[in-house]
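J.: Questions regarding the structure given below will be posed in turn.
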Amino acid sequence: MRVVLQPLALAAVVVLAGCATHHPKRVALTGDPLVDGQNALQQGPARDHVLWEYRMAASAFRRGQFAEAKKWLDDALPRIGGIIANDRDAKKARGLFHTEARKMFIGEPYERVMAYYYRGILYWMDGEPDNARACFRSAQFMDADTENKTYAADYVLLDYLDGFITARLGGDGSDELKRAKASAKNSTPPPYLTNANVLVFLEFGHGPVKYAAGEHAQMLRFREGRSSARSVSLQVGGKKYPVLAYDDLHFQATTRGGRVMDHILANKAVFKDTTSVVGDAAIISGLALASTGEHNEAAAIVGGLGVLSKIFSSATTPEADIRAWDNLPQFLSFAALTLPPGPHEITLDFQGADGRTLVTKKVTFTVTEARRDLVLFVSELNS
Amino acid sequence: MMNTKLILQSTVLSGAVAGLALVSGCASGVKNPSGTPVTEMRPDEKGFVVGTGVESTDLVRVTDKMARGILGCAQIANAPAAPWIVLDPVMNETRFPVNKTLFLDRIRGQLISKAQGKARFLARERMTVLEQERQMKRSGQLTSTSDPAVQEFKGADFFLTGKLSGMSSSAAGGISDYILYSFQLIDARTSEIVWEGADEIKKQGVADAVYR
């Protein structure tokens with residue numbers, strides 16, 4: 001018996017040691033996405049680069065470092081916009097003995113949507129509304145392939161902004177407005193204010209949190225982030241404009257239905273369970289045979305197969321990938337204003353469901369040319 | 001005898017396990033650890049990073065075709081004097097953000113290098129700087145080899161512009177994108193479209209299941 005089990009134990013050590021040795025170095029986190037991101041890009045695994053670029057872009061955006069935000073998004077977007085096929089890491093992530101997190105991170109669709117959304121705002125800030133529209137269209141496209149078609153491409157703001165820009169550029173835009181209104185849940189967007197010269201993008205609340213459920217953590221799930229703010233009161237020039245959220249990222253994350261990868265992970269979980277049960281049964285049978293003292297050879301073989309099966313079970317990794325763009329907002333909103341040339345101050349009260357003001361932010365700016373778009377971005381979140 | 005058999009069986013068994021472990025690739029934590037050196041490629045060559053959007057291969061193909069088309073246009077080929085052309089940025093109606101000046105810049109480059117003076121271009125996008133220069137010359141802040149008071153900025157005979165339109169679809173992880181690249185040469189005096197050329201490219205692909 002020892003003759004059989006010793007080499008098997010050795011083989012098990014080879015399997016486990018082989019999995020454990022070459023993992024890239026963990027990078028110590030400071031809590032500042034811009035610092036941590038730079039460290040991760042230099043020292044962390046390449047498969048997490050897009051994740052850190054997302055986080056850095058959001059952080060830079062909120063600090064008003066728009067060139068920095070553009071740099072990270074421009075690096076991330078070609079990767080998420082391309083078709084990732086015949087990729088070695090992706091193939092491994094599908095395999096039984098590698099976790100899903102082995103693949104290059106590009107994010108779930110709501111995360112990819114946000115990368116395009118932020119880049120779109122930056123294009124608009126730079127006076128390129130058609131490229132901004134291209135980004136909003138790509139963002140909506142990221143959400144098109146849902147299992148449940150009711151929720152396909154149903155971001156209100158993305159259709160609204162697509163049509164708004166189209167109308168501003170002399171096109172129609174009415175179909176997009178119709179679609180935006182049809183998708184609206186919280187609040188219905190107003191008709192386009194085509195002569196608006198100040199465009200305010202607002203975001204509030206904390207984005208969805210990923211977690212893994214199931215016996216083997218094989219099911220990707222989302223829970224709502226901490227979000228107290230539910231609306232914004234925008235005040236400028238003595239007038240108040242209530243602004244409600246058009247889109248909710250938690251809703252978007254949870255209404256897509258299953259992923260193809262979920263089926264792969266479920267199969268991995270079944271394999272893990274089956275090989276474990278078979279392993280237990282074989283080991284017990286082997287011990288039973290050995291206890292008779294008459295079938296030592298058979299006992300050793302059956303027991304050995306049991307151990308082998310347990311090794312396979314143990315090495316199977318059905319865990320869902322829960323790496324997440326963790327500094328996203330929950331709610332997205334937008335307001336278009338027509339203001340006369342000159343200096344202005346906008347006061348934004350982020351309010352809870354009861355109407356109580358939770359956070360107040362002020363933005364000062366000068367409208368220099370009545371016809372030029374001035375794009376402002378205000379987030380309730382800290383950088 | 002039995003011991004030898006057992007040793008043989010167990011060795012084969014454990015060898016199989018260890019082999020599987022190695023084959024399954026547990027040991028490779030880093031993909032392509034030595035990296036890929038910078039590779040110089042022709043702009044019309046397909047690279048490693050491919051999407052369904054606008055790429056340099058498309059740019060080269062489309063602008064080459066447009067430049068050939070413009071050169072064959074009667075208003076350019078048979079013009080008694082080489083006409084002045086102004087580039088008007090293309091309009092992007094696709095879902096892909098693009099560098100909008102790149103297409104016209106390349107067409108201009110192709111026309112200048114191949115047209116042998118049959119088409120001339122005005123730097124209208126530099127007007128702010130040019131006007132400042134002229135103003136400083138007029139005010140005596142700068143020297144001038146000619147009379148700066150004389151209006152010498154030229155008007156355009158033609159505008160060259162274009163539009164990128166697209167159609168996208170997505171199903172079961174597959175993505176398909178069709179882009180129509182259309183360009184027009186417009187007579188600045190009459191608004192007549194004297195030449196129009198188009199090219200269309202469709203791309204599709206299916207992402208790995210881990211991304212679906």
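The values are calculated or read from the model by the stated rules, or taken from the named source; none is laboratory data. Owing to the predicted nature of the structure, the values given are computational and were not obtained by experimental measurement. As a convention, Cβ positions derive from the backbone with ideal geometry for all residues, glycine included, and neighbour counts pool all protein chains shown.
J.: Have a look at A:ALA134, A:ALA139 and point out the one that is of a type outside the set (Phe, Trp, Tyr), crowded, with 24+ Cβ neighbours inside 10 Å, without any contact (Cβ under 8 Å) to a residue 24 or more places away in the chain and under 17 Å from B:GLY53 (Cα atoms). Steps first, please.
T.: Numbers: A:ALA139 fails: without any contact (Cβ under 8 Å) to a residue 24 or more places away in the chain.
From the options A:ALA134, A:ALA139, the qualifying one is A:ALA134.
J.: Just wondering, is there one or more residues in region A:256-273 that are part of a loop (DSSP other than H, G, I, E, B) and touching a Phe, Trp or Tyr at 6+ places or on another chain (Cβ under 8 Å)?
T.: Yes; the residues of region A:256-273 include at least one that is part of a loop (DSSP other than H, G, I, E, B) and touching a Phe, Trp or Tyr at 6+ places or on another chain (Cβ under 8 Å).
J.: Do you know which of the residues in region B:96-123 that are part of a helix (DSSP H, G or I) and of a type in the set (A, V, I, L, M) is farthest from the other protein chains (Cβ to nearest Cβ)?
T.: Narrowing region B:96-123 to residues part of a helix (DSSP H, G or I): B:100-114.
From the residues that got through so far, the ones that are of a type in the set (A, V, I, L, M) too are B:102, B:104, B:107, B:111-112.
On the way: B:LEU102: 12, B:LEU104: 14, B:ILE107: 19, B:LEU111: 24, B:ILE112: 26 Å.
The extreme case among them is B:ILE112.
J.: Something else now. Check off (1) in contact with a Lys or Arg (Cβ under 8 Å, 6 or more places away or on another chain); (2) facing another protein chain (nearest Cβ under 9 Å); (3) more than 21 Å from B:TYR211 (Cβ to Cβ) for A:ILE165 and give me the number that stays unchecked.
T.: It is condition (2) that A:ILE165 fails.
J.: Also, I was wondering about something else. Confirm whether A:MET114 is within 21 Å of the chain's Cα centre (by Cα) and either in contact (Cβ under 8 Å) with a residue 12 or more places away in the chain or surrounded by 18 or more Cβ atoms within 10 Å (Cβ to Cβ) (or both).
T.: Yes, satisfied.
J.: Right, another one. Residue by residue through region A:120-144, note down the ones that are more than 17 Å from the chain's Cα centre (by Cα), within 10 Å of chain B (Cβ to nearest Cβ) and not in a helix (DSSP H, G or I).
T.: A:GLU128
J.: For region A:254-264, indicate whether the set of residues that are free of Cβ contacts under 8 Å to residues at least 24 places away in the same chain, under 30 Å from A:VAL156 (Cβ atoms) and away from chain B (no Cβ under 14 Å) is non-empty.
T.: No.
J.: Only one of these is closer than 19 Å to A:ASP248 by Cβ and at pLDDT below 95: A:ALA139, A:ALA153, A:ALA101. Name it.
T.: Numbers: A:ALA139 fails: at pLDDT below 95; A:ALA101 fails: closer than 19 Å to A:ASP248 by Cβ.
Among A:ALA139, A:ALA153, A:ALA101, only A:ALA153 is closer than 19 Å to A:ASP248 by Cβ and at pLDDT below 95.
J.: So A:GLY303 clears everything in (1) crowded, with 19+ Cβ neighbours inside 10 Å; (2) closer than 27 Å to A:TYR123 by Cα except one condition, right? Which one?
T.: (2)
J.: How many residues does region B:161-212 contain that are within 13 Å of chain A (Cβ to nearest Cβ), among the hydroxyl-bearing types (Ser, Thr, Tyr) and surrounded by fewer than 15 Cβ atoms within 10 Å (Cβ to Cβ)?
T.: 1
J.: Quick one: in region A:54-77, of everything that is free of Cβ contacts under 8 Å to residues at least 60 places away in the same chain and not in a helix (DSSP H, G or I), which residue is nearest to A:PRO329 (Cα to Cα)? Lay out the reasoning, then the answer.
T.: Filtering region A:54-77 for residues free of Cβ contacts under 8 Å to residues at least 60 places away in the same chain gives A:56, A:64-77.
Right, trim to not in a helix (DSSP H, G or I) and you get A:64-65.
Details: A:GLY64: 16, A:GLN65: 18 Å.
Top of the filtered list is A:GLY64.
J.: Looking only at region B:97-106, decide whether some residue is among the aromatic types (Phe, Trp, Tyr), over 21 Å from B:PHE158 (Cα atoms), in contact with a strand residue (DSSP E or B) (Cβ under 8 Å, 6 or more places away or on another chain) and at pLDDT 55 or above.
T.: Step one: list which residues in region B:97-106 are among the aromatic types (Phe, Trp, Tyr), which gives B:103.
If we keep only those that are over 21 Å from B:PHE158 (Cα atoms) as well, we get none.
The answer is no; no qualifying residue exists.
J.: Hey, B:LEU59 hits all of (1) surrounded by 21 or more Cβ atoms within 10 Å (Cβ to Cβ); (2) in contact with an Asp or Glu (Cβ under 9 Å, 6 or more places away or on another chain) but one; which does it fall short on?
T.: It is condition (1) that B:LEU59 fails.
J.: What is the number of the single condition among (1) without any contact (Cβ under 8 Å) to a residue 12 or more places away in the chain; (2) facing another protein chain (nearest Cβ under 10 Å); (3) part of a helix (DSSP H, G or I) that A:ASN86 does not meet?
T.: Here A:ASN86 clears every test but (3).
J.: Which one of the conditions (1) under 26 Å from A:TYR123 (Cα atoms); (2) over 28 Å from the mean Cα position of the chain (by Cα) does A:GLY238 fail to meet, given that it meets all the rest?
T.: Unmet condition: (1).
J.: Next up: May I ask you to list the residues in region A:71-94 that are farther than 21 Å from B:GLN204 by Cα and either crowded, with 17+ Cβ neighbours inside 10 Å or in contact with a Ser or Thr (Cβ under 6 Å, 6 or more places away or on another chain) (or both)?
T.: Of region A:71-94, the ones farther than 21 Å from B:GLN204 by Cα are A:71-75, A:89, A:92-94.
Of everything in region A:71-94, those that are farther than 21 Å from B:GLN204 by Cα and either crowded, with 17+ Cβ neighbours inside 10 Å or in contact with a Ser or Thr (Cβ under 6 Å, 6 or more places away or on another chain) (or both) turn out to be A:TRP72, A:LEU73, A:ASP89, A:LYS92, A:ALA93, A:ARG94.
J.: Just to be sure, is A:VAL302 within 14 Å of chain B (Cβ to nearest Cβ), farther than 30 Å from A:ASN197 by Cα and either modelled with pLDDT of 95 or more or under 24 Å from the mean Cα position of the chain (by Cα) (or both)?
T.: Working: within 14 Å of chain B (Cβ to nearest Cβ): yes; farther than 30 Å from A:ASN197 by Cα: yes; either modelled with pLDDT of 95 or more or under 24 Å from the mean Cα position of the chain (by Cα) (or both): no.
Against the criterion (within 14 Å of chain B (Cβ to nearest Cβ), farther than 30 Å from A:ASN197 by Cα and either modelled with pLDDT of 95 or more or under 24 Å from the mean Cα position of the chain (by Cα) (or both)), A:VAL302 does not qualify.
J.: Check off (1) touching a Gly at 6+ places or on another chain (Cβ under 9 Å); (2) free of Cβ contacts under 8 Å to residues at least 40 places away in the same chain for A:LYS239 and give me the number that stays unchecked.
T.: If we test A:LYS239 against (1) touching a Gly at 6+ places or on another chain (Cβ under 9 Å); (2) free of Cβ contacts under 8 Å to residues at least 40 places away in the same chain, just (1) comes out false.
J.: Against the definition (within 11 Å of chain B (Cβ to nearest Cβ), more than 30 Å from A:THR275 (Cα to Cα) and part of a loop (DSSP other than H, G, I, E, B)), how does A:ILE80 come out, yes or no?
T.: No; evaluated as a whole, the condition is false for this residue.
J.: A further question follows. Within region A:93-119, work out how many residues are in a helix (DSSP H, G or I) and facing chain B (nearest Cβ under 8 Å). Please lay out each step first, then the result.
T.: Going through region A:93-119, the residues in a helix (DSSP H, G or I) turn out to be A:93-94, A:100-102, A:109-119.
This time we only want the ones that are facing chain B (nearest Cβ under 8 Å), so: A:93-94, A:100, A:119.
Looking only at that region, the number is 4.
J.: Every residue in region B:128-155 that is of a type in the set (A, V, I, L, M, F, W, C), farther than 24 Å from B:ILE76 by Cβ and touching a residue at least 12 places away in the same chain (Cβ under 8 Å), please.
T.: B:LEU130
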